[in-house]
Amino acid sequence: MSPRPEPLLLAALLLAACTGDPVPKPRGYFRIDLPEQAYERWEPPCPFAAEVPVYARPLGTARSDRPCWWNLTFPGQRAIVHLTYQRVNNDLLDLVNEAQGYKARHEVKADRIRTERVMNDTARVYGNLYAIEGDVASPFVFYVTDSTRHFLYGSLYFSARPNADSLAPVTERLRADLRHFVGTLRWRDTLTP
């Protein structure tokens, strides 16, 4: 009886496949395609206006007691920026301390916090931007004020588990967009919230 060809073919293939040591592949992340940077003027029914990215969607919070609390949603990036406007009523120091307290809560998890001062005398916009690095809940926080009447606080969040490495391209883009937002912010004193 002659040998069957299938077992011989299988044995030959197994021997040919064992040519070298296996090499593990590095862990990778999905490629993230970001939209082109472009901005449009946003004028909510509040005492401020600014330029926002065209791919952001402003949504009011639908609270009658807080008509100037807004969310800028970024659906393609699974991100949201909470914007909280308040009128200053001899409580500027309290508002600033509260905003810095939110930033301080991230210090435990943060690798580093970079602070940028905002001083735009022409537009009367002053404050701080905080780029918080590391696996934190909010990688960017800011507050701006005119020191007498207006105070705006903002914080960026992702709808994903904090992973600074994989979110880095999106985080840097949104930080740049929020810097642009603050740089184009103007107070509108004719409207009251």
What value, in deg cm²/dmol to 500, does the helix sum -39500 (n - 2.57) over DSSP H runs of n ≥ 4 give at 222 nm once divided by the residues of the chain?
-> -8000 deg cm²/dmol
Find how much the distance from residue 32 to residue 119 grows on full extension, using 0.36 nm per residue of separation minus their present alpha carbon separation; answer in nm with one decimal.
-> 28.0 nm
Cα-projected label distance for residue 147 with residue 161, points at 7 Å along beta-carbon direction, nm = 4.6
Value in Å of the Kirkwood radius, where the chain supplies the Cα pairs that are averaged | 19.5
Please determine, in degrees from 0 to 90 and to the nearest 10, the orientation of helix 92-104 with respect to the longest principal axis defined by the Cα atoms of the chain, where the helix direction is its Cα long axis.
-> 10
Near residue 136, within a Cβ-to-Cβ distance under 15 Å, what is the net charge of the other residues, with Lys and Arg +1 and Asp and Glu -1?
-> +1
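Readers should treat all values here as calculations from the given coordinates under stated rules, not as data from a laboratory. These figures come from a predicted structure and were not determined experimentally. Note that each Cβ is placed from the backbone with ideal geometry, even for glycine, and that neighbours are counted across all protein chains shown.
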